[in-house]
Amino acid sequence: MALREYVPPALDPGLRKAYVLIGSATASLRLLPGFLVVGGQRCGTTSIFHALAAHPQVHRPPVNKGTDYFTLHYANGPDWYRGHFPLTQVAGRRSGRFGPAVAFEACTYYLFHPYALERIARDLPDVKLVAMLRDPVERSFSAYKHEFGRGFEWEPTFERALDLEEERLIDEDDRMRTDMTYESFTHRHHAYRLRSRYAPQLERAIDLLGRERIHVMYSETFFEAPEAEFARLLDFLGLRQWAPDHFSQLNARPSDAMQSSTRRRLQADFAADNARLIELVGTAPRWADN
């Protein structure tokens with residue numbers, strides 16, 4: 001049984017802190033991730049995370065699905081990061097004869113954060129990245145509903161939030177550049193349209209890590225044919241073929257109707273970016289011609 005199953009909600013913060021302290025002290029005995037699920041946000045990454053975490057070779061962080069180290073906690077240092085992952089010997093015994101143990105984490109902010117990929121390339125030179133992407137129009141709207149529902153967005157309409165986005169993000173990149181401890185609330189929670197521009201994010205990842213170390217999945221294709229898409233993902237990761245009993249679509253929110261004028265506006269905004277994305281990935285998503 002994983003440690004996270006022993007953690008009562010009321011004791012969560014204290015036990016999490018104790019686990020990190022113990023993990024940091026034993027960092028050299030722990031796995032480093034062989035791959036990262038880097039995003040995008042509201043694109044189905046929770047679903048692919050749970051499918052991967054169930055694989056007999058694969059080992060997730062014992063408490064949370066991700067550490068946010070390369071985005072929010074980089075100043076804590078490499079031992080803090082490695083302390084979140086399983087002990088190498090324990091993971092090896094659990095994987096048994098199925099294959100070598102491989103650790104991973106998932107963080108949907110890694111792909112979009114302006115400096116996370118640079119840090120990943122420097123600190124994990126052999127790591128592979130998995131990026132699941134969704135129709136950018138739908139992702140933008142889903143992100144707004146998600147942030148509004150959590151109380152991180154207070155504008156009452158999606159259209160108003162889009163109109164304010166550029167103003168909200170002014171100088172936030174520069175502040176993150178000069179202070180690695182600075183967490184930009186608005187960059188993390190209010191970048192609806194910018195975060196849906198996948199091509200620049202993917203180009204940065206390719207420049208830093210190389211195209212051969214990045215696997216791009218389209219969420220619509222995955223949820224239509226999860227067995228085939230998951231098998232291709234395992235081939236990319238070098239993991240033994242295996243499949244869960246079923247694939248679940250997790251963290252989905254009920255769909256509200258988007259204004260047709262807003263949909264047309266966003267489709268026009270994303271057209272050039274979608275064309276560039278197809279060049280980078282080599283396959284076209286279903287939503288590219290919308």
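Scanning the range 32-66 for residues that are buried (at least 20 other Cβ atoms within 10 Å of the Cβ) and part of a loop (DSSP other than H, G, I, E, B) yields Gly40, Gln41, Arg42, Cys43, Gly44, His55, Gln57, Arg60, Pro61, Gly66.
Using the structure shown, decide if Tyr198 is under 17 Å from Leu280 (Cα atoms), within 19 Å of the chain's Cα centre (by Cα), buried (at least 20 other Cβ atoms within 10 Å of the Cβ) and of a type outside the set (A, V, I, L, M). Answer is yes for this residue. Scanning the range 237-248 turns up at least one residue that is surrounded by fewer than 18 Cβ atoms within 10 Å (Cβ to Cβ), small (Gly, Ala, Ser) and within 18 Å of the chain's Cα centre (by Cα). Restricting the range 235-254 to residues that are of a type in the set (S, T, N, Q) and modelled with pLDDT under 90, the residue that is nearest to Arg97 (Cα to Cα) is Ser248. Here the condition is being touching a Ser or Thr at 6+ places or on another chain (Cβ under 7 Å), buried (at least 16 other Cβ atoms within 10 Å of the Cβ) and of a type outside the set (Asp, Glu); of Tyr192, Tyr218, it holds for Tyr192 alone. Picking from residues in the range 82-122 that are among the aromatic types (Phe, Trp, Tyr) and not in a loop (DSSP other than H, G, I, E, B), the one that is surrounded by the most Cβ atoms within 10 Å (Cβ to Cβ) is Phe104. Test Val130 against the stated conditions and say whether it is outside any loop (DSSP other than H, G, I, E, B), surrounded by 20 or more Cβ atoms within 10 Å (Cβ to Cβ), touching a His at 6+ places or on another chain (Cβ under 6 Å) and modelled with pLDDT of 95 or more. In short, yes. Taking residues in the range 78-96 that are over 13 Å from Val58 (Cβ atoms), and partners anywhere that are of a type in the set (Gly, Ala, Ser), the pairs with Cβ atoms closer than 7 Å and at least 6 places apart or on different chains are Asp79/Ser24; Asp79/Ala27; Trp80/Ser24; Arg82/Ala27; Gly83/Gly23; Gly83/Ser24; Gly83/Ala27; His84/Gly23.
Of all the listed residues (Ala288, Ala257), the sole one being more than 30 Å from Ala101 (Cβ to Cβ), surrounded by 15 or more Cβ atoms within 10 Å (Cβ to Cβ) and modelled with pLDDT under 90 is Ala288.
Considering only residues of the range 144-154 that are in contact (Cβ under 8 Å) with a residue 40 or more places away in the chain and either in contact with a helix residue (DSSP H, G or I) (Cβ under 7 Å, 6 or more places away or on another chain) or on the phi > 0 side of the Ramachandran plot (or both), which is surrounded by the fewest Cβ atoms within 10 Å (Cβ to Cβ)? Among those that are in contact (Cβ under 8 Å) with a residue 40 or more places away in the chain and either in contact with a helix residue (DSSP H, G or I) (Cβ under 7 Å, 6 or more places away or on another chain) or on the phi > 0 side of the Ramachandran plot (or both), it is Glu147.
Of all the numbered requirements in (1) within 29 Å of Arg177 (Cα to Cα); (2) in contact with a Ser or Thr (Cβ under 7 Å, 6 or more places away or on another chain), Tyr115 misses one, and that requirement is (2). Only helices (runs of 4 or more DSSP H) whose full extent lies in the range 135-248 are considered here, and the ones with at least 2 residues that are in contact with a strand residue (DSSP E or B) (Cβ under 9 Å, 6 or more places away or on another chain) are 198-209, 219-224, 226-237.
Rundown of residues vs (1) within 30 Å of His55 (Cα to Cα); (2) at pLDDT 95 or above, yes/no style:
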| residue | (1), (2) |
| --- | --- |
| Arg197 | no, yes |
| Phe222 | yes, no |
| Leu233 | yes, yes |
| Asp269 | no, yes |
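The values are calculated or read from the model by the stated rules, or taken from the named source; none is laboratory data. Here the structure is a predicted model, which is why all the values come from computation and not from measurement. Don't worry about glycine lacking a Cβ; one is built from the backbone with ideal geometry, like all the others, and counts go over all protein chains shown.
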